[in-house]
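Notes to accompany the following structure.
The values are calculated or read from the model by the stated rules, or taken from the named source; none is laboratory data. Model, not experiment: these values are computed from the prediction. Backbone-built Cβ (ideal geometry, glycine too); neighbour counts: all protein chains shown. For the accessible areas, the whole protein counts, side chains as well, though only heavy atoms, and no ligand, DNA or RNA atoms are used. Shrake-Rupley method; radii C 1.70, N 1.55, O 1.52, S 1.80 Å.
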6 protein chains.
Amino acid sequence: MGERANARIAVFPGSFDPLTNGHIDIIQRGAKLFDRIIVAVLTNASKTPLFTVDERLAIIRENFQQTPNVEADGFDGLVVDYARRKGATVLVRGLRGISDFEYELQMAMMNRHLDAAIETVFMMPAEQYTYVSSRLIKEVMTLGGSITGLVPPGVEKRLVDKKKGTSRP
Amino acid sequence: MGERANARIAVFPGSFDPLTNGHIDIIQRGAKLFDRIIVAVLTNASKTPLFTVDERLAIIRENFQQTPNVEADGFDGLVVDYARRKGATVLVRGLRGISDFEYELQMAMMNRHLDAAIETVFMMPAEQYTYVSSRLIKEVMTLGGSITGLVPPGVEKRLVDKKKGTSRP
Amino acid sequence: MGERANARIAVFPGSFDPLTNGHIDIIQRGAKLFDRIIVAVLTNASKTPLFTVDERLAIIRENFQQTPNVEADGFDGLVVDYARRKGATVLVRGLRGISDFEYELQMAMMNRHLDAAIETVFMMPAEQYTYVSSRLIKEVMTLGGSITGLVPPGVEKRLVDKKKGTSRP
Amino acid sequence: MGERANARIAVFPGSFDPLTNGHIDIIQRGAKLFDRIIVAVLTNASKTPLFTVDERLAIIRENFQQTPNVEADGFDGLVVDYARRKGATVLVRGLRGISDFEYELQMAMMNRHLDAAIETVFMMPAEQYTYVSSRLIKEVMTLGGSITGLVPPGVEKRLVDKKKGTSRP
Amino acid sequence: MGERANARIAVFPGSFDPLTNGHIDIIQRGAKLFDRIIVAVLTNASKTPLFTVDERLAIIRENFQQTPNVEADGFDGLVVDYARRKGATVLVRGLRGISDFEYELQMAMMNRHLDAAIETVFMMPAEQYTYVSSRLIKEVMTLGGSITGLVPPGVEKRLVDKKKGTSRP
Amino acid sequence: MGERANARIAVFPGSFDPLTNGHIDIIQRGAKLFDRIIVAVLTNASKTPLFTVDERLAIIRENFQQTPNVEADGFDGLVVDYARRKGATVLVRGLRGISDFEYELQMAMMNRHLDAAIETVFMMPAEQYTYVSSRLIKEVMTLGGSITGLVPPGVEKRLVDKKKGTSRP
């Protein structure tokens, strides 16, 4: 018994540095709509990442152990090239507000230009995650604010461990 | 051999008065992503429609004769109630610009409040349809402008027939 | 012991047809910032209101019985004229999204032109009320959807009573 | 000595009911950029206009007596058809904010579709006119607010005369 | 006779590098609405500031000598932590346009998440300051443009002094 | 036979690193509206340009050999100072979307403040160039994507040559 032919495979690309509860919300929604969803970690996005790509993949996997059609993978290069290699026909993107929208629409048009066979669909996170972005999470953390409720427990735990590590004499 | 269990059914709701090439573009994209897509014509949207609901359904059907997983149907009431009755779990909406985006996001949040099991996904039409809306089509027609290339031939033909009909002595 | 001199009085103007939980959220926030907040019901906003002005005032009052610095009042004419008559120097407005923002900014500039001594301040409702507007509430109700959680219980109860009343033989 | 060949003629279309200081600002800017600018009053825009088309044309003309390359004219039908008949190759539009922008961009794309030889250019009014629209002017007037500084004196004078006229026994 | 109990204290946080006339406008408006307003200079915002934190504090103070309820202070860390330490319950933010709006709304939601007792209120500068930002002021200055009318005289004078200083042999 | 007196000269400023088909579209539209249009390359915009200023000027010139009223030139400093030196009274800017719009409006207001005699006009590229920006072109190229159809052939050819050059041992 195998995967049905023509399974619809979606890619959810991003840096996920760190994975937020907003990402988790979108991934769960995507997992209901498509046969498989690949959470694709861009490996060369930032010079000074908070987590290594391996840590980010581990965090994604531990959050979706119970959701067998969610996978985590690393990629670089064009996301449409990656999607094609994986047999995916859909890119999933979350939309929080207007500035997301403009940028995402521009990227979606460019990706359609690069490969018209791959379609971008936009999904809306739960409203409590409207303001949650990886960038803002990092800013708050840097300033000593609590991020409980905004990221999964595995992210918080690793951050505590990292701090202990760096403050060791 | 029948439809597989757990077929993913999407509803694309609207007035479709008239169906535009922008709608056709979104429906074709949706038809690739979901097992079935129901183009659901809101039956009580306007007091003075251009086309009757039956005409609108006929126009949709003749444009998707070759796409067996596209259906046309009429509905009234809440779209989430209609979707549930049809076994659909997805609402498809097109996004052209910011004003669409704000309204659509508000509607999607309300629909999620009304039935959390039904997910809204947003898709982007080809850029040449960015400015095409049923309302603007009607305005241009009323002022005597050409709508060739913005609506399917069946809409244009029916409009010519209607004009002949109304100008009869 | 009386009200201190120079008490800061705010006006929160609107139709409140009906009062939503989003309005309540903004009023409560305003009540903490200003000495008195007057919820000012525009008496001539709509030809076919859902509730009479008296019903709307009653609904506001019953929701703020425990908040002595919240008052309800009706007004017509320019909101800046009303504010001046009441000794208010602040207009409070809620901001949910971009389309709110544009309209509200335009109104605030016009109000500043009409009376520079009255300042508009914008506040943000809790994110779960982002999609709640009186207009959308009315639409959902008309289509038979549940508005529980979006309006206070007194609004829901009155609506049930109204329906019974109108369906009486 | 006559008009040079290939004079660039621009059309500034609108309802101008009433002409505002924001319109005057844009017309003056346009008059510097193009050889002639025709302020084109849409004759069938509203069922219940504040001023007749003739009054609106008179108001425009009296405000641009000193600017010989500004003309006023009435039109109906498609603005691109009107522009072509007048030998114009440019439509001038004012941009105040985002909601203007979205609507104007959609109209400009539709007009380009209808006649690719006619170009739309957008200009920005002085910032003190950002909030001035004919619709808001009418609202403020109806509510008894002062519109001094927002419209030219001729508009204010005519409005006072109209009020006297309507309140006559 | 001292400050009344429950004085409402507001914080207006920012980099103020340099203080602009747009900032001054918002601070003056805030000073009318709240008992005290603390202009809080973020001390670690930029690696290469135009003015030191001490210069920025001095500039703010000299502009509000006549407004006793305006104070200047430096802070780092989370603004809600700073506000709580100062007994403030309000954050004041200026809104100029859509891009401000999106960012400010996201920050306000995050700050509410971090401390629900501190409320953000948004105010609108006079329209002539819509385009004035510290970043743009710096750009214009760097390119040799005049910033007279956009910043207070003390900022201009210090900049002239700085230029003399740096060009000294 | 010479240029007529009072020729209207426009400046289209930018980095043009690289020139895109979106830029070409706007320049061609501007060339129809104004007597001369100067494509003005900002010489100090980026530390690590893709093309030198001379290469960018050469690319512009080879694309407009057949359009004699289009010129290319380099500039630094304030664009209004440059325009004044060239006798230009118009700045031309392209508008693709909301984020362009906000930034462009802010710049246009600042430029008007710096020199009220120079007017900014906004034009709209063909819709297929909505998503084309120099920044995104560079990103796609870096990731190995095809930019055919988004930039003129001369840009593509030079990029191929550059790659050969850099990969030489």
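With a ≥ b ≥ c taken as the square roots of the eigenvalues of the C-alpha gyration tensor of the protein assembly as shown, please select rounded if a/c is under 1.5 and otherwise prolate if a/b is larger than b/c or oblate if it is not? Provide the component values of the computation, followed by the final result.
Working: a/c = 1.04, a/b = 1.00, b/c = 1.04.
Because its axes are fairly even, with a/c under 1.5, the protein assembly as shown counts as rounded.
With the contact rule set at Cα under 8 Å and sequence spacing of 6 or more, what percent relative contact order holds for chain F? Present the calculation step by step, with values, prior to reporting the outcome.
On the way: 227 pairs, mean separation 46.2, N = 169.
Contact order relative to length: 27 percent.
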* Can you work out the accessible area per residue across chain F, with the rest of the protein chains kept in place, probe 1.4 Å, in square angstrom? => 44
* Structure fact -> With every protein chain in place, the accessible area of residue D:54 for a 1.4 Å probe, in Å² rounded to the nearest 10, comes to 110
* To do: Quick one: what are the phi-derived ³J(HN,Hα) couplings along the stretch A:139-151, Karplus 6.51/-1.76/1.60 with θ = phi - 60°, whole Hz, x for glycine and proline?
  => 4, 4, 4, 4, 8, x, x, 7, 10, 4, x, 9, 10
* Asked: Tell me, how many Å apart are the Cα centres for the stretch A:72-99 and for the stretch A:111-133?
  -> 9
* Asked: Leaving out ligands, DNA and RNA but keeping every protein chain, what accessible area does residue C:96 have, in Å² rounded to the nearest 10, with a 1.4 Å probe?
  -> 70
* Asked: What is the mean number of Cβ atoms from other protein chains located within 10 Å of the Cβ atom of each residue in peptide F:138-146, rounded to a whole number?
  -> 4
* **Among F:148, F:92, F:20 the positive-end extreme of the charge dipole of the stretch F:9-164 (Cβ point charges)** => F:148
* From the label point of residue E:58, set 7 Å from Cα along Cα→Cβ, how far away are the matching label points in the other copies, in nm, ordered shortest to longest? -> 5.2, 5.2, 6.4, 6.6, 8.4
* **Charge dipole magnitude, Cβ of K and R +1, D and E -1 - the stretch F:1-138, Cα centre, debye nearest 20** => 120
* Okay, helix-only estimate at 222 nm for chain A: each DSSP H run of n ≥ 4 adds -39500 (n - 2.57), divide by all residues, round to 500 deg cm²/dmol; what do you get? -> -13000 deg cm²/dmol
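Leaving ligands, DNA and RNA out of it, rank A:47, A:164 by accessible area with a 1.4 Å probe, largest first. Display every interim value, and only then the final one.
Working: A:47 195, A:164 125 Å².
Correct descending sequence by accessible area is A:47, A:164.
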* Carbon plus sulfur fraction of accessible area for the protein assembly as shown, probe 1.4 Å, in percent -> 52
* Could you tell me how many degrees, from 0 to 90 and to the nearest 10, lie between the Cα long axis of helix F:98-114 and the main elongation axis, the longest principal axis, of the Cα atoms of chain F? => 40
* Measuring label to label, 7 Å along Cα→Cβ, what does residue B:116 give against each other copy in nm, shortest first? -> 1.8, 4.2, 5.2, 5.2, 5.9
* Protein-only accessible surface order, largest first, of F:53, B:39 at 1.4 Å -> F:53, B:39
* To do: First measure r as the distance between the Cβ atoms of residue B:103 and residue A:58, then evaluate 1/(1 + (r/R0)^6) with R0 = 56 Å and state the FRET efficiency to the nearest 0.05.
  => 0.90
* Using only Cα atoms, find the angle between the long axis of helix D:153-167 and the longest principal axis of chain D, and express it within 0 to 90 degrees, rounded to the nearest 10. => 40
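Net charge within 11 Å of residue E:48 by Cβ-Cβ distance, Lys/Arg positive one each and Asp/Glu negative one each, not counting residue E:48 itself?
Values: positive: E:47, E:138; negative: E:17.
Summing Lys and Arg as +1 and Asp and Glu as -1 gives +1.
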* Asked: Averaged across the residues of A:79-85, what count of C-beta atoms belonging to other chains lies within 10 Å of each residue's C-beta?
  -> 1
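Report the E-F buried area as the accessible area lost on both sides summed, probe 1.4 Å, in Å² to the nearest 100. Intermediate results must be reported in sequence, preceding the final value.
Details: alone 9930 and 9970 Å², together 18690 Å².
Using a 1.4 Å probe, the pair buries roughly 1200 Å².
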* Structure fact -> Amide H contacts under 5 Å for residue D:120, restricted to residues at least 5 apart in sequence or on another chain and with H modeled in the peptide plane, are D:91
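Restricting to lysines 8 or more places apart or on different chains, can you count the pairs in chain D with Cα atoms under 22 Å from each other?
On the way: D:32/D:86; D:47/D:138; D:47/D:162; D:47/D:163; D:138/D:157; D:138/D:162; D:138/D:163; D:138/D:164.
Lysine pair count for chain D: 8.
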* Structure fact -> Inter-chain shielding metric for C:125-136, i.e. average beta-carbon neighbours from other chains within 10 angstrom, reads 4
* Asked: In degrees from 0 to 90, rounded to the nearest 10, what is the angle of the helix F:53-63 Cα long axis to the longest principal axis of chain F?
  -> 80
* To do: State, to one decimal in nm and shortest first, how far the label point of residue F:162 sits from each corresponding label point in the other identical copies (label point: 7 angstrom along Cα-to-Cβ).
  => 3.4, 3.4, 5.4, 6.0, 6.5
* Asked: Tally Lys/Arg at +1 and Asp/Glu at -1 over every other residue whose Cβ is under 11 Å from the Cβ of residue A:59; what's the total?
  -> -1
